[in-house]
Amino acid sequence: MGSWGRRGSLLLVAALLTASGQARATTVRSVSVRQMLAGSEFVFEGRVLEVHTETGAMRGAIRTCAQFQVIEVIKGPPGTRSVELCFAGGAYGGLVLEVSGMVYPKVGEHGLYFVETLRRPLVHPLYGWEQGHFRIEPNEEGGPDIVKSADGHPVLSLNEDHPSGAAPRHPGIAAGVGIEEALSAAERSKTAQGAMSPLSPEAFKARLHELLGASRP
């Protein structure tokens, strides 16, 4: 990645600072699964090995960096085994920078991540902020692990965009990501009949590969 000080967007961190040491994030636009796949340089399944905070040349320009083990590359440089992603904010040397809406990965977290770019640091490295952040967790009802959104909603379906007839989009969830609160009428009927269940990581990844293949000429 590029240096912490050279990316213009990182100046936003300093501009967001207030006397209280808090930062308020600008509004994050809603995106679709199609946009995330097209706009992400790197999409992968991984596990967080280590998290630390550091500061740059500007006083108060604190960031929290997570080191990931790359389990599987879905889009991007093949053969990548590890990657570091840095998020604006955190605590360092007695200073605290809080960025509203920022969700930091935790050590041990297992998930799927849509990385906007590997070539330069951003305030948030994931495409659409939390929209590009999915957790893989045990299925409380037994069986294979399941995929959840960053805020813990089980993912029941995955489409390129918001299905026709679906409920209003849920904040922080990309269009096309089917959670119970944002399913189409047909999907809600299937769920009620027990015909739809949370996607496993393998099913989620297979659907991503399918969508990627459909987008290629």
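Observations on the structure shown:
- Yes/no for Gly76 being within 17 Å of Leu37 (Cβ to Cβ), out of contact with any helix residue (DSSP H, G or I) (no Cβ under 6 Å at 6 or more places or on another chain) and not acidic (Asp, Glu): yes
- Residue within the stretch 47-69 that is at pLDDT 95 or above, closer than 23 Å to Ile173 by Cα, of a type outside the set (A, V, I, L, M) and assigned to a loop (DSSP other than H, G, I, E, B) present: no
- Unique residue being at pLDDT 90 or above and outside any helix (DSSP H, G or I) when the list is Pro171, Pro198: Pro198
- Pick from the stretch 174-195, criterion under 15 Å from Ser149 (Cα atoms) and assigned to a helix (DSSP H, G or I), ranking: modelled with the lowest pLDDT: Ala182
- Subset of the stretch 149-162 (residues that are over 21 Å from Ala38 (Cα atoms) and assigned to a strand (DSSP E or B)): Pro154
The values are calculated or read from the model by the stated rules, or taken from the named source; none is laboratory data. These numbers were taken from a predicted model, which means no experiment stands behind them. Ideal geometry is used to build each Cβ from the backbone, glycine not excepted, and the neighbour counts take in all protein chains shown.
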